[in-house]
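To start, the structure under review is shown below, and the notes come after it.
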Amino acid sequence: MHLINDKNILITGGTGSFGKKFVSTILEKYNPKKIVIYSRDELKQYEMAQAFSDKCMRFFIGDVRDSKRLEIALNGIDICIHAAALKHVPLAEYNPMECIKTNIDGASNVINAALKNNVRHIIALSTDKAANPINLYGATKLCSDKQFIAANNMKGSRDCRFSVVRYGNVVGSRGSVIPFFKKLIESGAKELPITDFAMSRFFITLESGVEFVLKSIERMHGGEIFIPKIPSVYIKDLAHTLAPDIPLRAIGIRAGEKLHEVMIPRDDSRLCIEFEDFYTLMPTISFQTPIDYTHTQDGLVGNPINSEFEYASNTNTQWLDSKAISALLQSCDF
Ligand SMILES: NC(=O)c1ccc[n+]([C@@H]2O[C@H](COP(=O)([O-])OP(=O)(O)OC[C@H]3O[C@@H](n4cnc5c(N)ncnc54)[C@H](OP(=O)(O)O)[C@@H]3O)[C@@H](O)[C@H]2O)c1
């Protein structure tokens, strides 16, 4: 029986791409007692409430910057998924303080409110951009990750566990490259802009991201960063698959962008445990009660990895070719 059953769950940023898929999945597969959506925009909440009318749904208008509101919202909650974030790289470069307030201060507010309310499982969503960050968005997510991991040392006698799930680009999520290309194609573009023909990215479907978070809830001791093994794509292959007849034009890499993403930097490999279809990174700090991270809470066994290991989108062993990209695009409901 999954931990979600009969539990009160809160999702910060629950009206976003991840939140909606997470909610539809748990309503379909499990039997949650209550699901609280916590976010700011009333229109998104109103529209979500129309689509998700199950009697266990609750909609809380609130900002993760508002610690008092979070404390009220997390009262009686068993599982919290922290998905709220500002995640647009160029906008974060231009408005750094706004990104810092939401992604860093917001994380700290979620942690404090979860501790005050004895929330048992807390998972924060992170991104490959937090590994060796070169842009402000990635740097704020790294600060958020560090706070969630260190929170395990603030819990005292409470049974609260804080972990992080880190993954790469989500196929078709709001503001991402596929909807961008699709819009250009639909408006009759004569060419598609590609930042660099060599650019590669990790790709994961929303469905797989949600499944991975659900599994991580059952696997977590607290203190781990969970990283799924997922394929890479060349952005040029993606554009070509979407529109084989439209020529591509290289426009140069944008401020704050990497040519390739890294999910596990080489310097972190000594903290890495490999399992069959995912990795975990152990905390850089030690906790009062030592934890054996080679065994997950649900009984999987992993092995430490060699110190030269790096998990990067360009050296990945799993790739999607045009055929696999087509199948992936067809399986997604954009
Ligand atoms: N999409 C990806 O490719 C990707 C990849 C790796 C990791 N992630 C991570 O996954 C998480 C979810 O991403 P997503 O794609 O679902 O994002 P999204 O679609 O942009 O949704 C973001 C959600 O956060 C809410 N939000 C933003 N600022 C807030 C604030 N100050 N207080 C409360 N809620 C706030 C938004 O609603 P309001 O604006 O109404 O508040 C929205 O519900 C993020 O943490 C992101 O970093 C995403």
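Scanning the stretch 1-43 for residues that are free of Cβ contacts under 8 Å to residues at least 60 places away in the same chain, within 13 Å of the ligand (Cβ to nearest atom) and in contact with a Phe, Trp or Tyr (Cβ under 7 Å, 6 or more places away or on another chain) returns VAL23, VAL36, ILE37, TYR38. Answer yes if at least one residue in the stretch 44-54 is out of contact with any strand residue (DSSP E or B) (no Cβ under 7 Å at 6 or more places or on another chain), touching a residue at least 40 places away in the same chain (Cβ under 8 Å), away from the ligand (no atom under 13 Å from the Cβ) and not in a loop (DSSP other than H, G, I, E, B), and no otherwise. Checked the stretch 44-54: no residue is out of contact with any strand residue (DSSP E or B) (no Cβ under 7 Å at 6 or more places or on another chain), touching a residue at least 40 places away in the same chain (Cβ under 8 Å), away from the ligand (no atom under 13 Å from the Cβ) and not in a loop (DSSP other than H, G, I, E, B). For the stretch 1-39, filtering for residues that are under 19 Å from the mean Cα position of the chain (by Cα) and over 18 Å from LEU206 (Cβ atoms) leaves 3. No other residue among HIS121, HIS82 is within 22 Å of LYS21 (Cα to Cα), away from the ligand (no atom under 13 Å from the Cβ) and crowded, with 23+ Cβ neighbours inside 10 Å apart from HIS121.
Might you let me know whether the stretch 169-179 holds any residue that is within 20 Å of THR25 (Cβ to Cβ) and either more than 16 Å from the chain's Cα centre (by Cα) or among the hydrophobic types (A, V, I, L, M, F, W, C) (or both)? Taking every residue of the stretch 169-179 in turn, at least one turns out to be within 20 Å of THR25 (Cβ to Cβ) and either more than 16 Å from the chain's Cα centre (by Cα) or among the hydrophobic types (A, V, I, L, M, F, W, C) (or both). Only one of the numbered conditions (1) out of contact with any strand residue (DSSP E or B) (no Cβ under 7 Å at 6 or more places or on another chain); (2) closer than 18 Å to PRO231 by Cβ; (3) small (Gly, Ala, Ser) is not met by SER313, and that is (1). Select from the stretch 173-200 the residues that are without any contact (Cβ under 8 Å) to a residue 24 or more places away in the chain and either surrounded by 15 or more Cβ atoms within 10 Å (Cβ to Cβ) or within 16 Å of the ligand (Cβ to nearest atom) (or both) and list them in ascending order. Of everything in the stretch 173-200, those that are without any contact (Cβ under 8 Å) to a residue 24 or more places away in the chain and either surrounded by 15 or more Cβ atoms within 10 Å (Cβ to Cβ) or within 16 Å of the ligand (Cβ to nearest atom) (or both) turn out to be SER176, PHE180, LEU184. Among the residues of the stretch 55-79, just one is among the polar types (S, T, N, Q) and within 12 Å of the ligand (Cβ to nearest atom), namely SER67.
Criterion first (farther than 23 Å from LEU10 by Cα, among the aliphatic types (A, V, I, L, M) and in a loop (DSSP other than H, G, I, E, B)) does ILE178 satisfy it?
no
Residues that are within 17 Å of VAL210 (Cα to Cα) and surrounded by fewer than 22 Cβ atoms within 10 Å (Cβ to Cβ) within the stretch 19-35 comprise LYS20, LYS21, SER24, THR25, LEU27, GLU28, LYS29, TYR30, ASN31, PRO32, listed in sequence order.
Within the stretch 86-103, the residues that satisfy the criterion of being surrounded by 18 or more Cβ atoms within 10 Å (Cβ to Cβ) and under 28 Å from GLY156 (Cα atoms) are THR102, ASN103.
Apart from one condition, SER157 fits all of (1) more than 12 Å from the ligand (Cβ to nearest atom); (2) surrounded by 24 or more Cβ atoms within 10 Å (Cβ to Cβ); the exception is (2). The requirement of being under 26 Å from ALA312 (Cα atoms) and at pLDDT 95 or above is fulfilled nowhere in the stretch 49-57; no residue meets it. Residues in the stretch 274-284 include none that are in contact (Cβ under 8 Å) with a residue 24 or more places away in the chain, assigned to a helix (DSSP H, G or I) and crowded, with 16+ Cβ neighbours inside 10 Å. Keeping to the stretch 285-314, report how many residues are surrounded by fewer than 17 Cβ atoms within 10 Å (Cβ to Cβ), at pLDDT 95 or above and of a type in the set (Ser, Thr, Tyr). Final tally of qualifying residues: 1. For the stretch 88-114, a residue qualifies if it is more than 18 Å from ASP63 (Cα to Cα) and more than 12 Å from the ligand (Cβ to nearest atom), and the qualifying residues are PRO90, GLU93, TYR94.
The values are calculated or read from the model by the stated rules, or taken from the named source; none is laboratory data. In this text, all values refer to a predicted model and were calculated from it rather than measured experimentally. FYI the Cβ positions are ideal-geometry reconstructions off the backbone, even for glycines, and counts take in every protein chain you see.
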